[in-house]
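Here is the structure we will look at.
The values are calculated or read from the model by the stated rules, or taken from the named source; none is laboratory data. This one's a predicted model, so the numbers in the text were calculated from it and none came from an experiment. Cβ sites come from the backbone with ideal geometry, for glycine too, and all protein chains shown count toward neighbours. The accessibility values were calculated without ligands, DNA or RNA, using every heavy atom of the protein model including side chains. Shrake-Rupley method; radii C 1.70, N 1.55, O 1.52, S 1.80 Å.
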Amino acid sequence: IARLAYQRLALAIEERRFDEVLESAPMWAIAFRKLHMGEGALKCMFLEGNVYREIGQLPRAIEVFTAICQEADSIRSVKLLAMGLANLVQFHRLQGDLKRALEYAQKALPLLQQTQNRIGLAKLRWAIGDISREQGDQAGALESYRGALRESEEIGTRGDSAAIHLVIAD
């Protein structure tokens, strides 16, 4: 039942029923914990954090994803820790805190490599390129963008590959 509830919450995000997710996701996270299903709880928290990002409440999204990372680390869920850190990279970059974004990127990179999350790796390298570019490090940005491009082309994410080509050309 809890897994079905999670799937319904994920569908609610797709249907942009954000109030429903913000109301139900924390309750289902508690239920998952009571069932000793820590990763299920974290996935509910991911939904909640993503809704906060979607509605423009980045500070609240950062709070949720920081909690996700702490809990993922405590239950030794490397995959969810890596994904949580990668989200924190994006959020801090959007807030203009490039130093903190890079700190999270340095933590996320080896974990994404370890879990072989190639989509996450491509997106993280792209974000690192954006950060380097915003810091005025054109050479570092190009290196990161090219790494993201290689990864995107290898896994066949054509839309990302095309977008990265445009960023490199710019």
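Only residues that are within 22 Å of A72 (Cα to Cα) and either crowded, with 17+ Cβ neighbours inside 10 Å or in contact with a helix residue (DSSP H, G or I) (Cβ under 8 Å, 6 or more places away or on another chain) (or both) were counted across the stretch 14-56, and they come to 29. Residues in the stretch 115-134: is at least one within 21 Å of F46 (Cα to Cα), open to solvent by 40 Å² or more (accessible area, probe 1.4 Å), free of Cβ contacts under 8 Å to residues at least 24 places away in the same chain and touching a Leu at 6+ places or on another chain (Cβ under 8 Å)? Among the residues of the stretch 115-134, not one is within 21 Å of F46 (Cα to Cα), open to solvent by 40 Å² or more (accessible area, probe 1.4 Å), free of Cβ contacts under 8 Å to residues at least 24 places away in the same chain and touching a Leu at 6+ places or on another chain (Cβ under 8 Å), which makes the answer no.
Checking each residue in the stretch 151-166 for being surrounded by 15 or more Cβ atoms within 10 Å (Cβ to Cβ) and acidic (D, E) picks out E151, E153, D160. Quick check on the stretch 67-75. Is at least one of its residues under 20 Å from F18 (Cβ atoms), buried (at least 23 other Cβ atoms within 10 Å of the Cβ) and free of Cβ contacts under 8 Å to residues at least 40 places away in the same chain? There is at least one residue in the stretch 67-75 that is under 20 Å from F18 (Cβ atoms), buried (at least 23 other Cβ atoms within 10 Å of the Cβ) and free of Cβ contacts under 8 Å to residues at least 40 places away in the same chain.
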